[in-house]
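K.L.:
Dumping the structure here so I can ask a few things about it.
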């Protein structure tokens with residue numbers, strides 16, 4: 001997995017204090033999202049959480065949507081880094097793919113409200129465009145692992161880009177129900193992850209299914 005989203009919006013002439021306020025606003029917006037999603041993430045709520053005025057927020061971000069883009073970008077880069085770290089611990093390529101899938105699913109299930117807000121909740125088109133950037137980077141990283149596995153003859157020679165897109169799509173769709181704030185009956189985390197890993201192995205052409213290893217990624221950060 002690789003992190004292809006390295007973009008940053010840089011203001012001109014920013015002082016250290018400006019940078020500190022900007023980071024506080026991004027952190028505060030994430031914490032507000034974590035508690036109640038976009039519906040509760042008003043400018044006033046975010047500004048109060050950051051300990052600044054609403055005017056200060058607009059001095060750092062043209063709009064609330066621009067702030068959320070930065071929140072999503074930072075969160076996406078963090079998730080990709082966690083998946084990269086998990087993949088490096090596996091010896092085989094199927095193990096690396098499994099580590100990526102399990103890490104993504106477990107971290108989302110450990111912080112459901114935030115995961116729903118960042119990935120599924122209806123948002124401004126500007127934020128939705130950033131979601132596509134994250135998804136594209138996720139697919140590219142998965143495709144890179146599949147290419148390596150194909151080169152090592154661990155996987156059959158199928159189109160890695162299409163397979164990666166299919167895997168990411170299935171994982172995302174599988175988590176809609178469990179992450180939804182509406183609730184309802186859902187399988188346990190262990191069942192969800194085990195099913196995703198079985199599907200993953202079959203999708204990349206690995207038929208032998210050994211006992212599933214426990215892949216324990218670091219938990220997503222939660223606000224205090």
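Every number here is computed from the coordinates shown, using simple stated rules; none is lab data. Nothing here was measured: the structure is a model prediction, and the numbers come from that model. Backbone-built Cβ (ideal geometry, glycine too); neighbour counts: all protein chains shown.
K.L.:
What is the fewest-to-most order of 133, 193, 119 by other Cβ atoms lying within 10 Å of their Cβ?
P.N.:
Starting with the residue having the fewest Cβ neighbours, the order is 133, 119, 193.
K.L.:
Give me the base-10 log of I(q)/I(0) for segment 111-151 at each q in 0.15, 0.24, 0.33, 0.35 Å⁻¹, Debye formula, one uniform scatterer per Cα, rounded to two decimals.
P.N.:
Debye curve over Cα of segment 111-151, log10 I(q)/I(0) at q = 0.15, 0.24, 0.33, 0.35 Å⁻¹: -0.49, -0.79, -1.03, -1.06.
K.L.:
On full extension of the chain, what length is gained from residue 191 through residue 66, given 0.36 nm per residue of separation minus the C-alpha to C-alpha distance?
P.N.:
Details: separation 125, 0.36 × 125 = 45.00 nm, distance 3.71 nm.
In short, 41.3 nm is gained.
K.L.:
Order these by the 10 Å Cβ neighbour count, fewest first: 110, 60.
P.N.:
Neighbour counts put them in this order, fewest first: 110, 60.
K.L.:
Related question: Which order do 44, 192 fall in if you start with the one that has the fewest other Cβ atoms within 10 Å?
P.N.:
Fewest to most other Cβ atoms nearby, the residues stand as 44, 192.
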